[in-house]
Amino acid sequence: MTAGNRSVLRCSSLRVARSVIRSISFGEALGVALGVVLSLAGAPTSTRAQSVSDSTVGRRRIQPLPALGSAPETGLQYGATVLAVFDAPAQDHARPASLIATALRSTKSQTRISVEGEHWSRQNARRLNALVAWQKFPLPFYGIGDATAEGDKEIFTPKGIEAIAGIQQRVRGSWYATGGIRLLDQSITADTIGVLRRGTLTGSDGGRLVELSVGALLDSRDNLFAPRRGTFAHVTYTHNDDDLGSPFQYDRVRLDARHYRTLTGTHVVAAQLLVLGVTGDAPFDQLALVGGGDIMRGYSRGRYRDQRMAAAQVEYRTPLVHRLGLVAFAGAGTVASKWDALTDARLLPTYGGGVRVQIDPQQRTAVRLDYGLGRDSSSGLYIGFNQAF
C-alpha cells in the first residue's frame, strides 16, 4: 500500500468514526454507560453461593448509608448512599471492585443523583470505570483570573446529564495506558445579573461536550481508598471537537502526581501535585478551577479559574483510637492565563485538619470530615467518603 493510499485510508477511517459518534444520540450513549456501570457490580465475583470456607469466592459488602456532605459551594448535603465493595476471588489477586449509588440534596437547592463503579481484572491488569449522573446544581461564579473579588459573585445553575466511561490497561509492571470518553449535555441558567446573563462568555448557555482522552499512568499504591505507600502519577490529554457533535473545540492537559510514605505503623505522609492547562475555546465551567473537597480545601470550587492552574498539598494522617484517625494538611495553588504567568500570579495558600472514621478496616474505606482555610478569610467544611487523595 502506498503512502498516499494509507493517508486516504486514515482520513476515511476518521470520517467514519466521527460519523458514528455523531449518529449516536445522547440518550443511547447514556444507556450504554449506565449498562456498563451496572455490569461492573457483578463482574468480579462468582455467581455461586458464597461460603466462608470457599476462598475462591470474593466477599461482598453492601452498605446502605445516610449520606451527609458539605462544601462551601453546596452548604450541607443530605441524602442516601449505597456503598458496595466486592473483593475479587483470592486466586485473582485483584483490587476490589466498587459500586456507589448516591442521591443528594443540599441546603442551596442543589440535587445530584449518580451511579458509579469500577472493576479490576485478574492481577490488576485492566480497570474499567463508569459514571452516570444527573444534576441541577446552582454554583457561584466570580469571574476569570486570580484577582476576582467576593463582590463579583454571580450564581448560575447547570442542569443536565453526564456520562463517563474509561479503561486503563497494564503495559508493564505498574505502568498503564488509559483512555476514556466523557459526555455532558447541560443547560445553564444565569440566576443573577452579570457577565453570564449577558452571554459574553463561552458556554454561558450550556451545551454538549464530547471529550475523548488518552493518557499514561504509574500506579504502585498499596490500597485504593487510603494508600500508605506507593506512587500514583497520571498524565492525560483530552480533546473536545466540534466534529464530534459539540459546539466547542478545546484541549486539556492534566498531570496528577501523588506519593505516599509510611513513617511508623500507620502514620502516613501523602503529597500531591496537580497541574492543568486548557487551550482553545473552552466553556467557562471547563477551565482549570481552584477549590473543592479534594485539593485546595478552604476555597469554594471555582472560586478562582483560568486556563492554567498549578496546586500542591501535603497531608499527615495518624490513627487516634479504634477506627478514629486525624489528619493535618497544608498546600498552595495559583491560576493564570499562560504557563509563564503562573510564577507571577497571586499565591493561594490552604491549610486545615480533619477526622477520619473507618467504615471497613480491611479495605480502609472511611467517612471524612475536613475543615480548610484559605486566603481572604476563605474557609470550608467538607464531609465525604474516603481520603481527599
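Against the criterion of solvent-accessible heavy-atom surface with a 1.4 angstrom probe, 213, 109, 246 sort, most first, into 109, 213, 246. Largest first, the extents of the alpha carbon coordinates of segment 193-288 on the three principal axes equal 56, 33, 19 Å.
The relative contact order of the chain comes to 11 percent, based on Cα pairs under 8 Å that sit 6 or more residues apart. Rounded to the nearest 0.05, what FRET efficiency is calculated for residue 328 and residue 103 with R0 set to 35 Å and r the Cβ-Cβ distance? Efficiency, from the Cβ-Cβ distance: 0.60.
Charge dipole of the chain (Cα centre as origin; +1 on each Lys and Arg Cβ, -1 on each Asp and Glu Cβ, all else neutral): 960 debye, rounded to the nearest 20.
Label reach from residue 255 (point 7 Å along Cα→C-beta): in segment 284-311, amide nitrogens under 19 Å belong to 288-290, 295-296, 306-311. Kirkwood-type hydrodynamic radius, segment 45-203: 18.9 Å, calculated from all non-identical alpha-carbon pairs. Two numbers describe the Cα atoms of segment 118-193: Rg and Dmax, which are 18.9, 55 Å.
Put the Cα centre of segment 275-314 next to the Cα centre of segment 72-117 and the gap is 23 Å. When the charge dipole of the chain is built from unit charges on Cβ atoms (+1 for Lys and Arg, -1 for Asp and Glu) and taken about the Cα centre, the candidate among 137, 293, 86 whose Cα reaches farthest toward its positive end is 86.
Which semi-axes, in whole Å and largest first, does the equivalent ellipsoid of segment 240-351 have when worked out from the alpha carbon gyration tensor as the square roots of 5 times its eigenvalues? Intermediate results must be reported in sequence, preceding the final value.
On the way: eigenvalues 214, 48, 30 Å².
Working through the eigenvalues yields semi-axes of 33, 16, 12 Å.
Just round it to a whole percent: the fraction of Cα-Cα distances in the chain exceeding 40 Å.
Across the chain, Cα pairs with separations above 40 Å total 16 percent.
A crude spin-label estimate for the pair residue 340 and residue 355, with each label 7 Å from Cα along the Cβ direction, gives 5.0 nm. Summary value for segment 290-389: 26 percent relative contact order, contacts being C-alpha pairs under 8 angstrom separated by 6+ residues.
For residue 214, the solvent-accessible surface computed with a 1.4 Å probe is close to 90 Å², ligands and nucleic acids excluded.
FRET efficiency for the pair residue 362 and residue 155, taken as 1/(1 + (r/R0)^6) with r the Cβ-Cβ distance and R0 = 41 Å, rounds to 0.45.
Surface composition of segment 58-385: carbon and sulfur atoms hold 58% of the protein heavy-atom accessible area at a 1.4 Å probe.
A simple count of charges around residue 328, restricted to other residues whose Cβ falls under 15 Å of its Cβ and scoring Lys, Arg +1 and Asp, Glu -1, yields +2.
Normalised by the number of residues in segment 198-247, the mean separation of alpha-carbon contacts (under 8 Å, six or more apart) gives a relative contact order of 42 percent. Given their separation in residues at 0.36 nm each and the Cα-Cα distance between them, residue 379 and residue 231 gain 50.3 nm when the chain is fully extended. Averaged over its residues, the chain has an accessible area of 47 Å² per residue, based on protein heavy atoms and a 1.4 Å probe. Cα centroids of segment 360-389 and segment 174-203: 25 Å apart. Database remark: amide H of residue 95 closer than 5 angstrom to the amide H of 124 (H placed geometrically; neighbours at sequence offset of 5 or more, or on other chains; Pro and chain starts carry no H). With R₀ fixed at 25 Å, the C-beta to C-beta distance from residue 65 to residue 223 puts the FRET efficiency at about 0.80. Local charge for residue 109 was computed over the other residues whose Cβ lies under 14 Å away, with Lys and Arg +1 and Asp and Glu -1, and equals +3.
The values are calculated or read from the model by the stated rules, or taken from the named source; none is laboratory data. Please read all numbers here as calculations on a predicted model, not as lab measurements. Don't worry about glycine lacking a Cβ; one is built from the backbone with ideal geometry, like all the others, and counts go over all protein chains shown. These accessible areas exclude ligands, DNA and RNA; they are computed on the full protein's heavy atoms, side chains included. Shrake-Rupley method; radii C 1.70, N 1.55, O 1.52, S 1.80 Å.
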